[in-house]
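Since the structure comes first, as structure tokens, the remarks are kept for the end.
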Amino acid sequence: QAHKALPLVFEAAYPGLSQTDPALASGLKRQVRQQVVVQTLRTADFLELYRAMEAAGASPVVVKGIVCRQLYPRPDHRPSSDEDLLIPPEQFALCHETMTRLGFFTTEPDPEHAWEVPYRREGSPLYIELHKHLFPPRSDAYGDLNQFFPDPFRHAASLEVHGCTLRTLAPTDHMTYLLFHAFKHFLHSGFGIRQICDMLLFAGHHQGEIDWERV
């Protein structure tokens, strides 16, 4: 639970747990169902938003989140607290206008100059982080990491999810980003089981497409 990985392991644990502690098994089953339903709603709302942004002429690139979830046997059993979209900085006004029209709002006081802008929508569990850069450019700790992604839009790959084609980082870029993102979290609070699983599954799934020497 602490690592928000309960839905991932519950199916395997349930048969034995239902024999040894039926009450606990029943309670956990309700929690898992609730978490999966919420994640399914997040996914549906995200795909609606992505389609709207593309229709408006934006070209967002998806990182982590839904891309990693597709690597799992039951994607929505891998919870994601947010979805990350990378956009060309010059498209921010267009993306912001599109999201506002769909009911999203931000608490960022100066969204035009922030490198990352968070968005929520009333009545939706979806939380969006809109990135103009993959890492905060002014950070002494990891601002320089942006140099390893000189043109993530030109080399973008594609991924189909529920009939929606998403643009995402090319495999080598994405593997590198997952490692750097884990490093960023490590500097603050550490990273968990889900991040380890994401990296291992991504490496295995895209093994032949990744430039491992570069990574």
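The values are calculated or read from the model by the stated rules, or taken from the named source; none is laboratory data. Note that the structure is a prediction, hence the values are computed from the model and not measured. Using ideal geometry, Cβ is built from the backbone for each residue, glycine included, and neighbour counts are taken over all protein chains shown. When the accessible area is computed, the model is the full protein with side chains, heavy atoms only, and any ligands, DNA or RNA have been set aside. Shrake-Rupley method; radii C 1.70, N 1.55, O 1.52, S 1.80 Å.
Let me know the longest stretch in the chain that avoids all trypsin sites (Lys or Arg not before Pro) found in a DSSP loop with at most 10 other C-beta atoms within 10 Å. It runs 1-137. A 1.4 Å probe run over region 49-142, with the rest of the protein chains in place, finds 44 Å² accessible per residue.
Look at the Cα gyration tensor of region 1-54: its axes a ≥ b ≥ c give a/c of at least 1.5 with a/b over b/c, and that counts as prolate. Once the Cα atoms are used to define both axes, helix 22-55 deviates from the longest principal axis of the chain by about 20 degrees. The GNM of the chain, with springs linking C-alpha atoms under 10 angstrom apart, assigns the highest mean-square fluctuation among Ala55, Ala203, Ala182 to Ala55. In this structure Trp212 has an accessible area near 110 Å², from a 1.4 Å probe over the protein heavy atoms.
Between Ala157 and Thr168, Leu169, Ala170, the built amide H atoms are under 5 Å apart, and every one of these is 5 or more places off in sequence or on another chain. Return the carbon/sulfur percentage of the accessible area of region 26-141, one whole number, probe 1.4 Å, all protein chains in place. Whole-percent figure for carbon plus sulfur exposure: 51.
Note down the net charge around Val32, summing +1 for each Lys or Arg and -1 for each Asp or Glu among other residues with Cβ under 13 Å from its Cβ. So the surrounding residues net to +4. Compactness ratio for the chain: Cα radius of gyration over 2.2 N^0.38 Å (N = residue count) comes to 1.07. Estimated from helical segments only, the mean residue ellipticity of the chain at 222 nm is -14500 deg cm²/dmol, where each DSSP H run of four or more residues counts as -39500 (n - 2.57). Using θ = phi - 60° in the Karplus curve 6.51 cos²θ - 1.76 cosθ + 1.60, the 3J(HN,Hα) couplings for region 60-66 round to x, 10, 8, 10, 6, x, 4 Hz; x is entered for Gly and Pro.
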